[in-house]
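*Asks:* After the structure tokens below, expect a handful of questions from me.
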Amino acid sequence: MDKKELVSIGIDIGGTKISAAAVQNGKIISEVLVYKTPDNVGDLLNVVFEIIENLKDQFKAKFVGIATAGTVNIDNSKVTGSTGNLPEGYGNLELKKMIEEKFNVKAFIENDANAAAYAEFKIGNAKGDNNTVVITLGTGIGGGIIVNGKLLRGKSGVGAECGHIPINIERK
């Protein structure tokens, strides 16, 4: 199969909504699916699995890329810390393993701001620039940095996280 024929499923998991589409050569080739983010981890998984099942069958997708709010480990296999409006237990899911075993596809998990920075670098407004900073405003405040053409991930995968810092004014 020609590499240009390969189709991926892109899923963006945020605190208020989940969006997904089939993608080929950097272009969306399906309807963009949008769901409200469920308030429990079981329902969230069911939505993700339903998306993959439907798009995989329809477009013969071989890859699943998930951009998610929260921090992602250096192996791009699981969320290690999530935002307050994602369901309890979300940060404990072995998403990559679960998806690969259930659907026989290659899966990749990345922080949503890192994914946005990489997309801008590869096919967006920053195409051709080897050094780029992207700030995202969504579920939280996120950051993605490209240095010398490579995504800055840091030692543990959270190198560019510039999110908010909680301040407790009642603390003594």
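*Asks:* Can you give me the three principal axis dimensions of the stretch 97-139 from its C-alpha atoms, in Å, biggest first?
*Replies:* Reported extents, whole Å, longest axis first: 37, 26, 13.
*Asks:* Which one, ALA115, THR80, PRO38, projects farthest toward the positive side of the charge dipole computed for the chain from Cβ point charges (K/R +1, D/E -1)?
*Replies:* ALA115
*Asks:* List the pairs from LYS56/LYS127; LYS27/LYS62; LYS36/LYS155 whose alpha-carbon separation is above 27 Å, in the order I gave them.
*Replies:* From LYS56/LYS127; LYS27/LYS62; LYS36/LYS155, over 27 Å: LYS56/LYS127; LYS36/LYS155.
*Asks:* I would also like to ask the following. Using Cα pairs under 8 angstrom and six or more residues apart, how large is the relative contact order of the chain, in percent?
*Replies:* 17 percent
*Asks:* Let me ask another. Give, rounded to the nearest 20 debye, the magnitude of the charge dipole that the stretch 18-156 has about its Cα centre when Lys and Arg contribute +1 at Cβ and Asp and Glu contribute -1 at Cβ.
*Replies:* It comes to approximately 560 debye.
*Asks:* Here's a follow-up. I want to verify a result. In a Gaussian network model of the chain, Cα cutoff 10 Å, which of these has the top mean-square fluctuation: GLY14, GLY65, GLY42?
*Replies:* GLY42
*Asks:* Take SER19, project a point 7 Å from its Cα along the Cβ direction, then tell me which residues of the stretch 89-118 have their backbone nitrogen under 18 Å from it.
*Replies:* Flagged as within label range: 110-118.
*Asks:* Setting aside same-chain residues fewer than 8 positions from LYS78, which aspartates and glutamates have a Cα under 17 Å from its Cα?
*Replies:* Those aspartates and glutamates meeting the cut-off are ASP12, GLU88, GLU94, GLU100, GLU101, GLU110, ASP112, GLU161.
*Asks:* How high is the relative contact order of the stretch 78-172, in percent, counting Cα pairs under 8 Å that sit 6 or more residues apart?
*Replies:* 18 percent.
*Asks:* Equivalent ellipsoid semi-axes for the chain, as square roots of 5 times the alpha carbon gyration tensor eigenvalues: give them largest first, rounded to whole Å.
*Replies:* 26, 22, 14
*Asks:* Could you compute the net charge surrounding LEU86? Neighbours are other residues with a C-beta less than 15 Å from the C-beta of LEU86; K and R count +1, D and E count -1.
*Replies:* Once all neighbours under 15 Å are counted, the net charge is -2.
A short reminder: the numbers here are calculations on the coordinates, not readings from a lab. Computed from a predicted structure; not experimentally measured. When we count neighbours, we look across all protein chains shown, and the Cβ atoms used for this are built from the backbone with ideal geometry, even at glycine.
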